[in-house]
Amino acid sequence: MTDPHEAGMAVRREVLGDEHVDRAVARTTEFTAPFQDYITRAVWGSLWTRSELDRKTRSCITLAALTALQCHDELAMHVRAAVRNGLTADEIGEVLLHTGAYAGVPAANTAFAIAQRTLAELGEPKAKGDG
């Protein structure tokens with residue numbers, strides 16, 4: 001059986017990229033180490049490694065949850081991850097639009113602004129109808 005921390009670190013790097021993970025690891029302190037270990041094992045090593053949902057679907061769910069909970073600091077990171085997992089700008093927009101109907105327009109409005117800025121930083125093609 002694969003070690004959840006090892007598997008989690010591999011998935012974390014594949015989804016978020018080496019640069020992001022290296023920065024997170026470098027910022028780890030004695031105080032934050034237990035949390036970093038937890039998210040690597042539990043979230044990345046035990047959830048994102050499951051085969052029942054593909055990574056593209058997991059990214060859709062994650063974007064929706066982060067939008068609904070208004071986790072703005074995490075949203076840009078997961079927009080980047082969604083692109084790495086194969087979502088297009090149009091698909092990300094659809095996730096945010098759909099989430100707005102269930103989680104509220106103000107939450108989706110902010111999420112759209114963060115996603116648009118992040119997609120532009122990534123040089124992603126503009127979504128349909130985007131100027």
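The values are calculated or read from the model by the stated rules, or taken from the named source; none is laboratory data. In this text, all values refer to a predicted model and were calculated from it rather than measured experimentally. Note that each Cβ is placed from the backbone with ideal geometry, even for glycine, and that neighbours are counted across all protein chains shown.
Quick look at the values:
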item	result
Residue under evaluation Ile92, criteria (1) within 14 Å of the chain's Cα centre (by Cα); (2) hydrophobic (A, V, I, L, M, F, W, C); (3) not in a helix (DSSP H, G or I), criterion not met	(3)
Boolean, Thr40 is of a type in the set (S, T, N, Q), under 15 Å from Thr118 (Cα atoms) and surrounded by 17 or more Cβ atoms within 10 Å (Cβ to Cβ)	no
Filter result for Gly100 (exposed (fewer than 12 other Cβ atoms within 10 Å of the Cβ), touching a helix residue (DSSP H, G or I) at 6+ places or on another chain (Cβ under 7 Å) and either at pLDDT 95 or above or part of a helix (DSSP H, G or I) (or both))	no
Selection count where residues are of a type in the set (Val, Ile, Thr) and either surrounded by fewer than 16 Cβ atoms within 10 Å (Cβ to Cβ) or in contact with a Lys or Arg (Cβ under 8 Å, 6 or more places away or on another chain) (or both), scope the stretch 111-131	1
Counted residues, the stretch 57-73 - those being exposed (fewer than 14 other Cβ atoms within 10 Å of the Cβ) and within 17 Å of Leu119 (Cα to Cα)	1
Residue match in the stretch 33-50 (condition: without any contact (Cβ under 8 Å) to a residue 12 or more places away in the chain, on the phi < 0 side of the Ramachandran plot, outside the structural domain of Ala82 (by TED's automatic domain parsing) and of a type in the set (Asp, Glu))	no
Long-range neighbours under 6 Å by Cβ, at least six apart or interchain, first residue in contact (Cβ under 8 Å) with a residue 40 or more places away in the chain within the stretch 68-81, second surrounded by 14 or more Cβ atoms within 10 Å (Cβ to Cβ) and among the β-branched types (Val, Ile, Thr)	Leu75/Ile114; Ala76/Ile114; Ala76/Thr118; Val79/Thr118; Ala81/Val15
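Residue-by-condition table, conditions (1) small (Gly, Ala, Ser); (2) touching a Lys or Arg at 6+ places or on another chain (Cβ under 7 Å):
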{"site": "Trp44", "(1), (2)": "no, yes"}
{"site": "Arg58", "(1), (2)": "no, no"}
{"site": "Ala68", "(1), (2)": "yes, no"}
{"site": "Leu75", "(1), (2)": "no, no"}
{"site": "Arg80", "(1), (2)": "no, no"}
{"site": "Leu87", "(1), (2)": "no, yes"}
{"site": "Glu94", "(1), (2)": "no, no"}
{"site": "Ala101", "(1), (2)": "yes, no"}
{"site": "Gly104", "(1), (2)": "yes, no"}
